[in-house]
Amino acid sequence: MPSLKPADLAHLLAVRGDFVSLGHAGGQYTATVRANDKAVRSRAEPGSLWVAEHRRNTDRSPGPVLAMERRGSGWCYAVAASDGAVLRAGTLRDCAGCHAAAPSSESVFTTVGPGTAGASEEQGRD
Ligand code: HEC
């Protein structure tokens, strides 16, 4: 799993910004979803990295960083603190169980539309 520190995440493309996460923590966080180039191109090619950063809705204080990195035919999931310190990582069942229900494919919920590259505006969902 690459570094999940805020300064390093800033180099990833923000593909969906500032929406209340319905998937994580019961709607108490506003999320930004970021992806590396591979993930933007192919969603789930080995090396694809997706990251969901969270801020508390009430005071915008930083919350957990959740990540998923494609390794071979599966995903490595990770939970990190807001400073990027990884708390647990692996084929985490709690993550994988829900992500398997993603409507699109390959356990990824976020869709990246044409023309998204380089932009950071809000993306619609399927
Ligand atoms: C109950 C369902 C559910 C669980 C459990 C869950 N997620 Fe998600 N996840 C979602 C949904 C839905 C989205 C789409 C954006 C949103 O609503 O937050 C998402 C988005 C993401 C994204 C951005 C890429 C994408 O798929 O859109 C990452 C990264 C992510 N989750 C990681 C994790 C990790 C790591 C865990 C385990 C600690 C986890 N998730 C647990 C439902 C879930």
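Assorted remarks:
- Residue in the range 22-44 that is assigned to a loop (DSSP other than H, G, I, E, B) and touching an Asp or Glu at 6+ places or on another chain (Cβ under 7 Å) present: yes
- Test for Gly115: is it at positive phi and at pLDDT below 95: yes
- Residue in the range 69-112 that is modelled with the lowest pLDDT, counting only those that are surrounded by 13 or more Cβ atoms within 10 Å (Cβ to Cβ) and of a type in the set (Val, Ile, Thr): Val112
- Matching residues, the range 49-79, being closer than 22 Å to Ala100 by Cβ, out of contact with any Gly (no Cβ under 9 Å at 6 or more places or on another chain) and among the small types (Gly, Ala, Ser): Ala67, Gly72, Ser73, Gly74
- Residue within the range 6-19 that is within 11 Å of the ligand (Cβ to nearest atom) and not aliphatic (A, V, I, L, M) present: yes
- Any hit, the range 26-35, residues being β-branched (Val, Ile, Thr), exposed (fewer than 15 other Cβ atoms within 10 Å of the Cβ) and within 12 Å of the ligand (Cβ to nearest atom): no
- Selected residue (criterion: nearest to the chain's Cα centre (by Cα)) from residues of the range 36-73 that are away from the ligand (no atom under 13 Å from the Cβ), under 24 Å from Ser105 (Cα atoms) and of a type in the set (Asp, Glu): Asp37
- Residue match in the range 64-80 (condition: more than 20 Å from His11 (Cβ to Cβ), aromatic (Phe, Trp, Tyr) and in contact with a strand residue (DSSP E or B) (Cβ under 6 Å, 6 or more places away or on another chain)): yes
- Looking only at the range 45-56, and only at residues there that are assigned to a loop (DSSP other than H, G, I, E, B) and either surrounded by fewer than 22 Cβ atoms within 10 Å (Cβ to Cβ) or touching a Pro at 6+ places or on another chain (Cβ under 7 Å) (or both), the one that is modelled with the lowest pLDDT: Glu45
- Of the criteria (1) more than 13 Å from the ligand (Cβ to nearest atom); (2) assigned to a loop (DSSP other than H, G, I, E, B); (3) on the phi < 0 side of the Ramachandran plot, which one Ala101 fails: (1)
- Scanning the range 1-52 for residues that are within 14 Å of Met68 (Cβ to Cβ) and among the aromatic types (Phe, Trp, Tyr) yields a single hit, Trp50.
- Tabulated pairs, the range 6-35, first more than 22 Å from Ala96 (Cα to Cα) and modelled with pLDDT under 95, second in a strand (DSSP E or B) and of a type in the set (Ser, Thr, Tyr), C-beta under 8 angstrom, 6+ apart or interchain: Gly17/Thr32; Asp18/Thr30; Asp18/Thr32
The values are calculated or read from the model by the stated rules, or taken from the named source; none is laboratory data. What you are looking at is a predicted structure, and each value in this text was computed from that prediction instead of being measured. Ideal geometry is used to build each Cβ from the backbone, glycine not excepted, and the neighbour counts take in all protein chains shown.
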